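Just below is one structure, and these are the notes that go with it.
The values are calculated or read from the model by the stated rules, or taken from the named source; none is laboratory data. These numbers were taken from a predicted model, which means no experiment stands behind them. No Cβ is skipped: glycine too gets one built from the backbone with ideal geometry, and neighbour counts run over all protein chains shown. Heads up: the accessible areas ignore ligands, DNA and RNA and are worked out on the full protein's heavy atoms, side chains in. Shrake-Rupley method; radii C 1.70, N 1.55, O 1.52, S 1.80 Å.
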Amino acid sequence: MNRTADLFADAALDTLLLPFATGALTWPSTAETLFMRARGGAALKALPTDRLVCAQSFKPFADALRAMGLTLAEVSAQKFPLVLLLPPRQREESRALLARALQRVEPGGTVVASALNNEGARSAEGDLERLAGPVHSLSKNKCRVFWATATAQMMDANLIAEWAALDAPRRIADGRFLSRPGLFSWTRIDRASALLAGCLPTDLVGCGADLGAGFGYLAAEVLARCPGVSALDLYEAEARGLDLARSNLLDDVQRGEHRHVALNFFWHDVTKGLDKPQHYDFIVSNPPFHQGRADQPEIGCAFIGAAAAALRPAGCLWLVANRHLPYEQVLRENFRKVRTVAEEQGFKVIEAIKGK
C-alpha cells in the first residue's frame, strides 16, 4: 500500500493555492510562510518551498512533507505575513487552529484556509469571519478557500484567545484519562476498544506493543489486567494523541503503579512496518480504518502485516475491528491460528497466533 502517493491527490490543498493562481493574493517576496496542518502535494512544487515552514502532527503527512524536502517545525511565537491552514473536520479543533493562525500572523498579514464542502468548509469560513472580520472566498474542486486580513480593528481578540484553547487536553472517563478534540473517540472510551479490553486474557506476559495507541486506553488496560507484562511499546501516528498517552501512563507510574514495566512511546506510521522483527510476545490493536470519510481497510491490513512481522514465534495479536471489515484473509496468510473471540455491537475481537 502506497499511502504517500495517495497524499498527493488532495483537492483541499489544490484549492488552498487557488487565490495565488488567480492573482487574488500574492506570495510574500522574501519572508517565510507558515503552513499549519500542512500536507504534501504536487501543488506545492510551484511555490518557493525553501521559505515554507510546515507544522504537522500526523506522521504520514509529516513524512510526505519531509520527502519533498520541506521544513517541519513546531508552531512558535514567530509572526508571519502569510499563514496557510487546512482545518480539520472536528469543530473545536478547527476553531482552535483558526484562532492560533491569527495569533501567528503579522498585523496586516493574511490567513488563508481551505476545506472540502462536505467537511465543514462553510462553517469554517463563518468561524474565520467571526474571528477576523470580512472574509473573501473562492470555490473549486468541491472545496472552498477563504481568507482574511489580520486588521486589529476587525479582529475579536477575546474570541481569538477563547477559541485558541478549545482543543486543550481535558479529563474524560471519570477523570481517568486526558484526551482532546480531534483525537479518535476523544470524549469517551470507544466501544470497540472497551470490548477488546474486556476480552484480553490476564496471562499476557513479556514484551508487548499497542499499535495505534491513541491517548493510551488499551495500553492502560493491558497494564491493569496483565501483571506479567514487563515492557510495553506504544505506537501512534498522531503526535497530539501520543503526548497524552505518555502523560496518562506515566501518571500511573508516578502514583506507584506499573513501576516494573518499561514504557516506550513512538510517533510512527505503523503501515510502514515496525523496526523490531520478531521482538514482541504480544500485540494489541484497534487499527484505524479510514482517513477521511471512506473506509480504507488496507490500513488495518497493513497493521496486521506489521504485527505479524514484529511478533516472536508463537506470539499473539489481539485485534478489534468493525465486523464488516475484511481482515480474515490477511490474518490467515500471516498467522497459524485465527479465532473470533467475540462479536458484539457490530464489532469483532480476534486472536491470532503466529506460527513457530
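Residues that are over 19 Å from residue 121 (Cα atoms), of a type in the set (A, V, I, L, M, F, W, C) and either within 26 Å of the chain's Cα centre (by Cα) or open to solvent by 50 Å² or more (accessible area, probe 1.4 Å) (or both) within region 145-158 comprise 152, 154, 155, 157, listed in sequence order. One residue alone among 196, 218 is out of contact with any Asp or Glu (no Cβ under 6 Å at 6 or more places or on another chain), part of a helix (DSSP H, G or I) and either surrounded by 19 or more Cβ atoms within 10 Å (Cβ to Cβ) or not small (Gly, Ala, Ser) (or both), and that residue is 196. The conditions of being β-branched (Val, Ile, Thr), in contact (Cβ under 8 Å) with a residue 60 or more places away in the chain and open to solvent by less than 20 Å² (accessible area, probe 1.4 Å) are not met by residue 172. When region 300-330 is filtered for residues that are among the aliphatic types (A, V, I, L, M), farther than 20 Å from residue 206 by Cα and surrounded by fewer than 22 Cβ atoms within 10 Å (Cβ to Cβ), the ones remaining, listed by number, are 302, 325, 330.
Contact annotation: residue pairs with Cβ atoms under 7 Å, 6 or more positions apart or on different chains, pairing a residue in region 297-312 that is more than 18 Å from residue 60 (Cα to Cα) and touching a residue at least 24 places away in the same chain (Cβ under 8 Å) with a partner that is charged (D, E, K, R) and open to solvent by 20 Å² or more (accessible area, probe 1.4 Å), are 308/354; 310/276; 311/354; 312/281. Taking first residues from region 344-356 that are closer than 18 Å to residue 310 by Cα and partners that are open to solvent by 20 Å² or more (accessible area, probe 1.4 Å) and assigned to a loop (DSSP other than H, G, I, E, B), the Cβ contacts under 6 Å between residues at least 6 apart in sequence or on separate chains come to 353/336; 355/336. Note on region 259-281: residues that are touching a Phe, Trp or Tyr at 6+ places or on another chain (Cβ under 7 Å) and open to solvent by less than 20 Å² (accessible area, probe 1.4 Å) total 1.
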